[in-house]
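The next block holds one structure in the form of structure tokens; read it before the comments.
The values are calculated or read from the model by the stated rules, or taken from the named source; none is laboratory data. Remember, it's a predicted structure, so these values are computed and weren't measured experimentally. Ideal geometry is used to build each Cβ from the backbone, glycine not excepted, and the neighbour counts take in all protein chains shown.
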Amino acid sequence: MSSNERDKARGKDHELLFSKTLASSFADAVARTKELLAANGFGVLSEIDVASTLKAKLGVDMAPYVILGACNPQYAHRALEIQSKIGTMLPCNVIVREAAPGSIEVAAVDPVASMQAVENAALAAVAEPVRGLLERVIAEL
């Protein structure tokens, strides 16, 4: 059973994302994820270091965790032409987190699942190819 199949079998929360666990260093996983996003037409518009932010703001320690804001400009443009306020749901978030030392989880939002909340067939049609691209990124890790 693939990691995607296992995640989907775990419950509804996992129906909103694709994920894979890697035997890797955290830095290597972040770098590889960015490379694969770029190779599949995504730019990383934002990188939020959640662990550092929570340490600075709350004084709490947590395992390394970043959120990458991934945007495919071609599809983002199409979505914005269909519905101007869809930007509230962009970009696609991809997380990289240390699940345990040497075990790194990379997960991407399923844009089709996200767009279901909007109930717009034209947006769903834009989300389908983006889903395929993000699934490819996760699969190629």
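What the table below lists for this structure:
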| item | result |
| --- | --- |
| Meets criteria (touching a strand residue (DSSP E or B) at 6+ places or on another chain (Cβ under 9 Å), of a type in the set (D, E, K, R) and in contact (Cβ under 8 Å) with a residue 12 or more places away in the chain) for R78 | no |
| Residue in the stretch 59-75 that is closer than 22 Å to L16 by Cα, small (G, A, S) and either in contact with a Gly (Cβ under 9 Å, 6 or more places away or on another chain) or surrounded by 14 or more Cβ atoms within 10 Å (Cβ to Cβ) (or both) present | yes |
| Verdict on L36 being modelled with pLDDT of 95 or more and under 19 Å from K20 (Cβ atoms) | yes |
| Options E98, E140; residue that is over 17 Å from V50 (Cα atoms) and in contact with a helix residue (DSSP H, G or I) (Cβ under 8 Å, 6 or more places away or on another chain) | E140 |
| Subset of the stretch 31-90 [more than 26 Å from Q116 (Cβ to Cβ), in a loop (DSSP other than H, G, I, E, B) and of a type in the set (A, V, I, L, M)] | V60, M62, A63 |
| Some residue of the stretch 51-66 being without any contact (Cβ under 8 Å) to a residue 12 or more places away in the chain and among the hydroxyl-bearing types (S, T, Y) | yes |
| Subset of the stretch 81-95 [over 20 Å from S19 (Cβ atoms) and either in contact (Cβ under 8 Å) with a residue 12 or more places away in the chain or surrounded by 14 or more Cβ atoms within 10 Å (Cβ to Cβ) (or both)] | I82, Q83, I86, L90 |
| Residue among E105, E135, E98, E128 that is touching a residue at least 60 places away in the same chain (Cβ under 8 Å), in a helix (DSSP H, G or I) and surrounded by fewer than 20 Cβ atoms within 10 Å (Cβ to Cβ) | E135 |
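Rundown of residues vs (1) closer than 14 Å to A108 by Cβ; (2) polar (S, T, N, Q); (3) touching a strand residue (DSSP E or B) at 6+ places or on another chain (Cβ under 9 Å); (4) at pLDDT 95 or above, yes/no style:
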residue	(1), (2), (3), (4)
K12	no, no, no, no
F26	no, no, yes, yes
R32	yes, no, yes, yes
L45	no, no, yes, yes
A56	no, no, no, yes
D61	no, no, no, yes
